[in-house]
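Here's the structure we're looking at; comments come further down.
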Amino acid sequence: MSMNSPNDFTRTGSEGDIEKQLQQLREDLAALARSVAAAGSNKADDLKYKARRASNEAMDASAQVLDSARAQFQSFERDIERQIRTKPLQSVAIAAGIGFLFALLSRR
């Protein structure tokens, strides 16, 4: 039995069909790869948009919380000032008591 090279055989009709089918398969795989790449790119763009939107919403929410905290602090500050102006002796006594407690706790 002798070994024949592929060039020794003449191509039959079925071999030509197989080559055509293989070429079509290569083209289909290339088209599929392009489709998958495009879908991946679209998905990545969609995820970037969602992440950017979530980031903007989080920044807006944190700005609102900061503004609310600032307003509450200013209101608290005004209330303390009003209390000090209306009852200065009581305010000094409270401040002295808090200072005394702080001094006791810092010794331990």
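The values are calculated or read from the model by the stated rules, or taken from the named source; none is laboratory data. As the structure is a prediction and not an experimental result, all values here were calculated from the model. Reconstructed Cβ throughout: ideal geometry from the backbone, glycine too, with neighbour counts over all protein chains shown. Remember, those area values only see protein heavy atoms, side chains included, never the ligands or the DNA or RNA. Shrake-Rupley method; radii C 1.70, N 1.55, O 1.52, S 1.80 Å.
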Filtered residues of segment 83-95 (kept if of a type in the set (D, E, K, R) and either loosely packed, with under 10 Cβ neighbours inside 10 Å or assigned to a helix (DSSP H, G or I) (or both)): ARG85
What pairs can you find where one residue is in segment 39-66 and of a type in the set (Asp, Glu), the other is open to solvent by 100 Å² or more (accessible area, probe 1.4 Å) and assigned to a helix (DSSP H, G or I), and their Cβ atoms are less than 9 Å apart, with a gap of 6+ or different chains? none
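Yes/no matrix, rows are residues, columns are (1) at pLDDT below 90; (2) open to solvent by less than 80 Å² (accessible area, probe 1.4 Å):
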residue: VAL36; (1), (2): yes, no
residue: ALA51; (1), (2): no, yes
residue: SER55; (1), (2): no, yes
residue: ASP60; (1), (2): no, no
residue: LEU66; (1), (2): no, no
residue: PHE73; (1), (2): no, no
residue: ARG78; (1), (2): no, no
residue: GLU81; (1), (2): no, no
residue: GLY97; (1), (2): no, yes
